[in-house]
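The values are calculated or read from the model by the stated rules, or taken from the named source; none is laboratory data. Predicted model only: the values in this text are computed from it and were never measured. As a convention, Cβ positions derive from the backbone with ideal geometry for all residues, glycine included, and neighbour counts pool all protein chains shown. Just the protein is used for accessible areas: all its heavy atoms, side chains included, with ligands, DNA and RNA removed. Shrake-Rupley method; radii C 1.70, N 1.55, O 1.52, S 1.80 Å.
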Amino acid sequence: MKMLEIKNLHARIVEDGTKILRGLNLSVKAGEVAAIMGPNGSGKSTLSYILAGKDDYEITEGSITYNGQNLLDMEIHERAAAGLFLAFQYPLEIPGVPTMNFLRTAMNSQRKFRGEKELTTPEFIKLVKAEAAKLKIDMNMLKRPLNVGFSGGEKKRAEILQMALLEPKLCILDETDSGLDIDALKVVSEGVNALRSPDRAVVVITHYQRLLDHIVPDSVHVLSKGQIIKSGDKSLALELEKKGYADIIEAAA
Amino acid sequence: MNMHTTRANTEAETKLVDIYDRFATSLPGDDKVSAAREDAIAALKEFGLPTRRVEAWHYTDLRNLMRDAYEPAAKPEIAEAEKALDAYDWLSGIIRLPIVNGHYFPELVSEVPEAIIVSSLCEGESAFIDGSLEADNPINILNTAFATDGLSMIVDEGETVNETIGIANVFTGDKSAMASARNNIVVCDGASCAFSERHVGLNGLAYTTTSVTNLWLGVGAKARWVIVQEEGDLATHLGQLNVTLGENSELEIYMVNTGGKLVRREINVVVAGENSSLNIRGVNLAGNENHIDVTTVLEHNVPNTVSSQIYRNVATERGNGVFQGQIRVAQIAQKTDAAMACNTLLLSDDCGFSAKPELEIFADDVLCAHGATIADLEESHLFYLQARGIPENEARNLLIKAFLEEILDDMDDEKFAEALVCRIDAWLDARK
């Protein structure tokens, strides 16, 4: 079943009208791990922000269907509660909001929205402890304000922790490998792989093949100038690594 | 230009003088006190209430804003005072010193440790005579003229008091009136204690509170002073805390302003002893059509002292906030380290905030930092929280609370900090 279906998507930046996406088509099935690769400025991060609902962009044409629903009609928090999760390339530092407090508010907001019972404190703590241990996250870190003073690696691990706790249906990883050393990359990748399941889809946005050695994709799509110009299996990523983007972009032109 | 051109008195000014004439003989105090009251009322006649042309009152035109004046509140019956006190939550384990309508009620005081000597200010000798009666000090002028009572307190040398000493100011009654209390408090050498100064009152009734507290910290004394101002929604609150810091003393001041219609809170600190330190953390919330002004003056008069001030403010609806922070560093006060920050969130189109830092530095080897920000909530932060499933309104509230409550994190009395957080939350929740 198709979980995400993007058809002929055109989008521009609201503030200055710059066109970023120009007729993007992409579909991702449940259980699939799709990698989106592309050079700087091709529209990768824009795509991830549009999926999450950031209102800096205007959709001028096309559609996004998520599990049969029109995603563009949904509020940001509704998308999250419906199972869409964006792991940020640059997770925000939010002073004054303790991480634990944030996690609990997020989890219970989503549950409330879905009409599920909210977690009690002991239930919540138990869940966090278990998932934090898997990601080698110190509980003391979670007492600190959200992402404040976290290292690059800690921030990315905190994103994956959020993902594990929120149990989304569609995970979008925006350059999750940036700023990670090899050990952290391994921990983060294992965290993502642990979430792979037949009813969950993952979209991995990345510059490099490196991450895809750890999170092996089912499909690879090349994004250039706001369009998917080539799709293939994991061997496409290896080809890109070897030849660079220029060849493929030229061939597609 | 002649500064003494004839000035027409406002209704409030006329009333204040008239009320004084009628009540002067019934106000407490010996001859010296009476003389001080006369001087104060003479100053009021001469200067009137300050307008925006008085520099220290530039953003709070008291003459314009204070429309009415009321008679000094009569001392309520004990039963009535007790009932009024019971209407408010007070932290348990706190030493409660009640001042109802400007009158101290020793009968209603909870048990006081031996280390504290406390009495009605009226019993003390010439208790009212201090502070300037200049045009820019109407709080002291009004309080000197009209103070009905207050506390005289000494925390004994070398003693540590574990419970918070709570000065519980309550306004009650069904008639508009003026409550004026004055406190003189000495924390002796080496003593250590914590105070709270809370002001509460009824909603829906116009009344005026004037409050002046003079606090002295001796050599090596340590104190925390928490001001919680939650006056009724039509109240005028004019409050002043005057502090003198001795050598090696440490003072922390926390202040939360949530109440009142017209509020001016002044903190004046003379840093008089070497190696002393001062921390001030303030949360000021201006909603409805309220006007809240916080004005601080720090005088670093000796070398090697430290001060740090952080204010977090929220203005919303038609609320208006003011912060004026003056730091003076005397020529001999080398190695002064003074930092001041004032951060404000403006949450509506009709609210306002004015921030004025003033640094007067005459020493050459000092660190003085100041900064002021006025902004709306960070959009990217809101997006991040919403992207995790938190609805916009809730996300906003979470960020506002974080912004305000962050500065209470340093308070080492967790129970008290939590109580303050509750007050702030209640204010925010009332605005949804």
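Accessible surface for region A:118-211, divided over its residues, is 42 Å² per residue with a 1.4 Å probe. The mean accessible area for residues of chain B, using a 1.4 Å probe and ignoring ligands and nucleic acids, is 40 Å² per residue.
Scanning residues 5 or more positions from B:THR209 or on other chains, those with amide H under 5 Å from its amide H are B:ALA179, B:THR236, B:HIS237, B:LEU238, with H placed 1.01 Å from N in the peptide plane. Peptide A:96-104 shows a mean partner chain C-beta count of 4 within 10 Å per residue C-beta. Using a 1.4 Å probe over protein heavy atoms, the accessible area lost on pairing B with A, summed over both chains, comes to approximately 1900 Å². For the residues of A:105-116, the average number of beta carbons from a partner chain within 10 Å of their own beta carbon is 3. Could you compute the net charge surrounding B:GLN326? Neighbours are other residues with a C-beta less than 12 Å from the C-beta of B:GLN326; K and R count +1, D and E count -1. Here the count lands on -4. What FRET efficiency, computed as 1/(1 + (r/R0)^6) with R0 = 25 Å and r the Cβ-Cβ distance, is obtained for B:ASP429 and A:ASP55, rounded to the nearest 0.05? Approximately 0.40, to the nearest 0.05. For the protein assembly as shown, the direction-averaged projected area of the alpha-carbon convex hull comes to 36.3 nm². Atom-type composition of the exposed protein surface of region A:201-253 places 51 percent of the accessible area on carbon and sulfur (1.4 angstrom probe). Here the dipole of the protein assembly as shown is about 3000 debye; that uses its Cα centre as origin and unit charges on the Cβ of Lys and Arg (positive) and Asp and Glu (negative). Between A:ASP213 and A:THR120, the C-beta separation translates, for a Förster distance of 45 Å, into a calculated FRET efficiency of about 0.65. With a 10 Å cut-off around each Cβ of A:48-54, the average count of Cβ atoms from other chains is 2.
Note on A:LYS242/A:ASP181: beta-carbon distance plugged into 1/(1 + (r/R0)^6) with R0 of 25 Å gives a FRET efficiency of 0.55. A prolate overall shape is assigned to region B:378-432, the ratio a/c of its alpha-carbon gyration tensor axes (a ≥ b ≥ c) being 1.5 or greater and a/b exceeding b/c.
Ordering of B:344-357, A:147-160, A:4-17 by packing is A:147-160, B:344-357, A:4-17, highest average first (other Cβ atoms within 10 Å, averaged per residue). A:GLN209 sits among other residues whose Cβ lies under 11 Å from its own Cβ, and their net charge, with Lys and Arg +1 and Asp and Glu -1, is -1. Of interest is the spacing of the C-alpha centroids, which for region A:69-98 and region B:256-273 amounts to 41 Å. Across chain B, the relative contact order, built from alpha-carbon pairs under 8 Å that are at least six residues apart, equals 9 percent.
Between helix A:152-166 and chain A there is an angle of about 80 degrees, using the helix long axis and the longest principal axis of the Cα atoms. Post the alpha-carbon centroid distance, region B:224-242 to region B:309-344, in whole angstrom. Region B:224-242 and region B:309-344 have Cα centres spaced 18 Å from each other.
Using the Cα gyration tensor of chain B, with a ≥ b ≥ c the square roots of its eigenvalues, what is the shape: rounded (a/c below 1.5), prolate (a/b larger than b/c) or oblate (neither)? Here chain B falls in the rounded category.
Per-residue ellipticity at 222 nm, computed for chain A from helices alone with -39500 (n - 2.57) per DSSP H run of at least four residues, works out to -11000 deg cm²/dmol. Pairs from the list A:LYS112/A:LYS143; A:LYS7/A:LYS134; A:LYS156/B:LYS415; A:LYS136/B:LYS222 with a Cα-Cα gap above 32 Å: A:LYS7/A:LYS134; A:LYS156/B:LYS415; A:LYS136/B:LYS222. Here the accessible area of region B:378-432 is 44 percent carbon and sulfur, with a 1.4 angstrom probe and all protein chains present. The shape of chain A comes out prolate: with a ≥ b ≥ c from the C-alpha gyration tensor, a/c is at least 1.5 and a/b beats b/c.
Mean residue ellipticity, 222 nm, helices only, chain B: the sum of -39500 (n - 2.57) across DSSP H runs of n ≥ 4, divided by residue count and rounded to 500, is -6500 deg cm²/dmol.
Rounded to the nearest 5, the antiparallel percentage of DSSP beta bridges internal to the protein assembly as shown is 15%.
Centre-to-centre separation between the Cα atoms of region A:181-253 and those of region B:25-57: 78 Å. Ligands, DNA and RNA left out, the 1.4 Å accessible surface of region B:11-273 is 47% carbon and sulfur atoms.
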